[in-house]
Structures are given as C-alpha cells and as structure tokens.
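Notes for the one structure printed next.
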Amino acid sequence: MNLNRKIDMQERTIKSLQEKNEKLKNENRALRTENAQLSDKNQHYEQIIGSVDTLRAEWNARIQEALEYRKQYKDAVFAVRKIRKEYEKKFNQLNRQFKV
C-alpha cells in the first residue's frame, strides 16, 4: 500500500509539474510576442527620433541663415545711413556755397 501511495504521489507531482511547465511555456510565448511588438514600437520611435533630429538640424541651419541675413541687413542699414549723412553734408556744403 505504501508503494501505491508513493506512485500516486509521484504521478500527481509529475502532472502538477507538467501543468506548470505548460503554463510557463504559454507565458513564455506571450512574452516573446509582447517583446516582438515592443521591438517594433521601439524601431518606430527610433525612426521618429531620427526624423526629429533631422528637422532640428534643419531648423538650426535656418535660424543661423536668418541670423546671417539679419546681420547683413543691419550692416546694409548702417551703410545707407552713413551714405545719407555724407550726402547731407555735401548738400549742406553746396547750399552754403550758393547762399554766399
């Protein structure tokens, strides 16, 4: 009787372990599927980050270009004002000459 009891306990233990093994296999499959989906999402987000970095670089280049144009504009305005003052001086000198 002891032997039958031991065999029965062993069979129950084996059955329990098989059930646990099957449960772990199912869980492993689910985790692999989830991992594959997360890997796909990760690649997608990396592509988005790459696009953002490209746009940021282009944005920074355009800002630098705009700053250069701004500097050129300021220089041009300064040059025009300088020329205008020179012409005003010359005009005033000519005016004085004709008034005399």
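The values are calculated or read from the model by the stated rules, or taken from the named source; none is laboratory data. Quick caveat: nothing in here was measured; it's all calculated off a predicted structure. SASA here: full protein model, heavy atoms, side chains in, ligands and nucleic acids out. Shrake-Rupley method; radii C 1.70, N 1.55, O 1.52, S 1.80 Å.
Residue 82 passes every criterion in (1) open to solvent by 80 Å² or more (accessible area, probe 1.4 Å); (2) within 34 Å of the chain's Cα centre (by Cα) apart from (2).
The sole residue among 52, 100 that is of a type in the set (A, V, I, L, M) and modelled with pLDDT of 95 or more is 52.
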